[in-house]
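**Q** Sharing a structure below in structure tokens format, with a few things to ask.
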Amino acid sequence: MTFLQFAYRNVFRNFRNYAAFFMASFFSVFVFFIYSMLMFHPEIERGFLGEVSIAGMVFAEIVLVLFSWFFIFYSMRAFLEARSKEFAILLHLGMDRNQLGKLIIIETMTIGIFSCISGIVFGFAFSKFFFMIVREILNLNALPLYLSWEPFVLTLFVYLSAFVVISTLSTLFTPDIKIRNFIRGPKFVDAAVTYSKRNAILGIILILCGYGLALITTKSSIFSYTLLIPVFVTLGTYYFFTDTTLYIIDRLKGRKQFYWKKARMLAIAEQVQILRFNSRMFFIVTLVSTLAFLTVGVLSAMSSYTSQYDKINPIGLLYKGEMDNPYEIEHILSVIDELEFNGISYHMTRFTVMRQTSSYTSNPVEVFRETDINHLLFSYKYPLVNLKSGEAMFIPYSEDSIEKLEKTEVKTVLKENNVDLTINSVYPKMFFPTAIISSNSIIISDEDFEKLTNEFEMSPYVEPGYHLFTFDIPNWTETENIGIDIQQMVARDYLINKEYTLPFYFENAGLNYSYILATYSLLTLIGILVVAVFLLASGSFVYFKIYANLDREKKQFDMLVKVGLSGKELKRLITRNLMIQFFLPWGLAFVHSAFAFYVVQTVLNDVMNLSIVKEVVFSFTMFALIQIVYFFLIRWRYISHVRG
């Protein structure tokens, strides 16, 4: 038997240890390849959605590459530690250190080549189905399967280079194997708990500081705390696993009534060793799982925004222009012609909005005429406004503002025209998009509106008013092709100029929704596959540690059974040990993610009055169920191996 044959057979003899590593590597290659197939597709559109898809693919590929390289390196270290006894036997039989390094490289490259070929083959087979999904998401005419060398070369280069570099580096970190240690048998394990009390307390303080900053974060302070919160939580998590957990267990051991009860001494002693030798693994699993939860949470936030888009944007088409806007007539007639040509029913309302100065705040206020507002409310089938001279009503700019303004009463004077007003009510429903009007907008009676003959005192530096055209369309998702030329003029001005220069603004809710929905659907597809890689890898980290020490732990459990431990107590002891390894890092990742989404919820609520609680709770519940199923599956296999 040649050296290559020996290495090849050695891989498949230890396939139990390599199985999780192979599956995670295979899935990473699979996802990377299908993303590459889409990124290099010759017929993908280069418009907005095409750019979004390519940007998403590139970002996902970078994340996968960085994470895959780290995962492969960590996995190699775990394999080397688990196979120390095997390496000692080979050295005892006459293999030198160089041959041992060569053996490690050959075995790693065997797994690497096999996972690359399998991932590419299955990825290419799945590409046609993937293209069909993307074609529907991006509304493309065709996205056929193609054959090109770029995706194959890129995938092979990225992953084979990873296996080559990491397997070579891993030989430098081969543990210092002492043959005499294996001849003497297993050495005594020091049961003393060593930790730093200062680091233990520091870990809790840092995590609590991160959580505290999350609780006080607002939309104005989010950029200040964005870097501080992850730094505090990351460092705190590291100290939590290396020192805080051992400190807590040491305190529990001091309570004799708790510690000496039944088999708790055995469970706690074993958990101390688990925490001592797996603290870095727990830290890594926590961070990886947190990234996975955050990714799904962000997708949930996008889902919530997509589902509530019609409430945030009740008007199908909206055109806002300055008083002397030269494009107004041409644009409005063009929009009307397109709506009628496409057979889309609509209800148009024209507003003349005046700016005046409030004596109560000395700030500008946007004034709407009662008749114009009622014309729009009639199309919504909302209650109409009925105001007397001298009365005014607030226009809500968000759902929260309704509750805030209904208890507010203001007596003010529109200074330019000396119009006395009492504002003591707010319209009970939103009927304008949040961004289209100011937060200081009111409705006054037609009689008072006619008195606004004098211009705004800050004119001409600030526009004295504007014209607003709203098109209430029952099914505004049909309008995505209406007013494209006007929309392109607006988008072009935003891209070219630092400040907006056009005398008008146009918004097509149907077109915006199609962009948002396509982007969300595409990012969801990307996110789900990336999260699957993250979760598979984080589960693999735990898998490696559990099965790396399986033979040693099997001997320990056999010894405990011989001294009188019952089968029921053995199952309970194994369950406690596995629960620590599974649910401690994932539980902490859940808590980290919950505070992160508290920040996201606060900001979204302030900016666009959006709630993501339901979506996030659903996502976290699904994750919890998956982890519980995965735990019982591993527990079942582990108990079978221990008893076998």
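Each reported figure results from applying straightforward, stated rules to the coordinates on display, with no laboratory input. In this text the structure is predicted, and so the values were computed from the model without any measurement. No Cβ is skipped: glycine too gets one built from the backbone with ideal geometry, and neighbour counts run over all protein chains shown.
**Q** Can you spot the aspartates and glutamates whose alpha carbon is less than 15 Å from residue 197's alpha carbon? Ignore those fewer than 8 places along the same chain.
**A** 243, 250
**Q** A further question follows. Starting from 0.36 nm per residue, how many nanometres of slack lie between residue 342 and residue 363 once their C-alpha separation is accounted for? Before the final figure, lay out each step's value.
**A** Numbers: separation 21, 0.36 × 21 = 7.56 nm, distance 4.36 nm.
The residue 342-residue 363 span can extend by a further 3.2 nm.
**Q** Right, another one. In percent, how large is the relative contact order of region 352-467, given Cα pairs closer than 8 Å and 6 or more residues apart? Don't skip to the end; give the middle numbers.
**A** Values: 225 pairs, mean separation 43.8, N = 116.
About 38 percent, as a whole number.
**Q** Find the lysine pairs in region 352-467 meeting two conditions, Cα atoms under 17 Å apart and a separation of 8 or more places or different chains, and report how many there are. Before the final figure, lay out the partial values.
**A** Working: 381/429; 388/411; 388/451; 404/429; 407/429; 415/451.
Counting lysine pairs in region 352-467 gives 6.
**Q** Which distance in nm do the two modelled labels at residue 492 and residue 277 give, with both placed 7 Å along the Cα-to-Cβ direction?
**A** Those two pseudo-labels are separated by 6.9 nm.
**Q** Something else: How many angstrom lie between the C-alpha centres of region 382-441 and region 199-214?
**A** That distance is 45 Å.
**Q** Note down, for region 352-467, the three equivalent ellipsoid semi-axes (square root of 5 times each alpha carbon gyration tensor eigenvalue), biggest first, whole angstrom.
**A** Details: eigenvalues 88, 46, 43 Å².
Its equivalent ellipsoid spans semi-axes of 21, 15, 15 Å.
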